[in-house]
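These notes are about the structure you will find just below.
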Amino acid sequence: PTVTPELEDSVFVFLDRLRESGVTNMFGSGPYVQREFGLGRRETKDVVIEWMTTFEKRPPVKGDQG
């Protein structure tokens, strides 16, 4: 699937929650995203990199201490 802005938002929320859970280092988050959203490796890599590079600029997820 193509990563639409809406899908990207959903993936970002998923990644924020995955980070909060401490289940995996975020560099290992790709397989979780692929499994949850059915994305290919390239799309997953692109959206995870976008999440990482914009993380500091986005408001924290509700319940996040940062």
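The values are calculated or read from the model by the stated rules, or taken from the named source; none is laboratory data. Just so it is clear, the model here is predicted, and its values are computed rather than measured. Just so you know, the surface numbers come from the protein's heavy atoms only, side chains and all, with ligands and any DNA or RNA stripped out. Shrake-Rupley method; radii C 1.70, N 1.55, O 1.52, S 1.80 Å.
One table, with the values for the structure above:
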{"quantity": "Heavy-atom accessible area per residue - the chain, 1.4 Å, Å²", "calculated": "71"}
{"quantity": "Linear extension gain, Glu36 paired with Arg58, 0.36 nm per residue minus alpha-carbon span", "calculated": "5.7 nm"}
{"quantity": "Cα Rg over Rh - the chain, Kirkwood", "calculated": "0.93"}
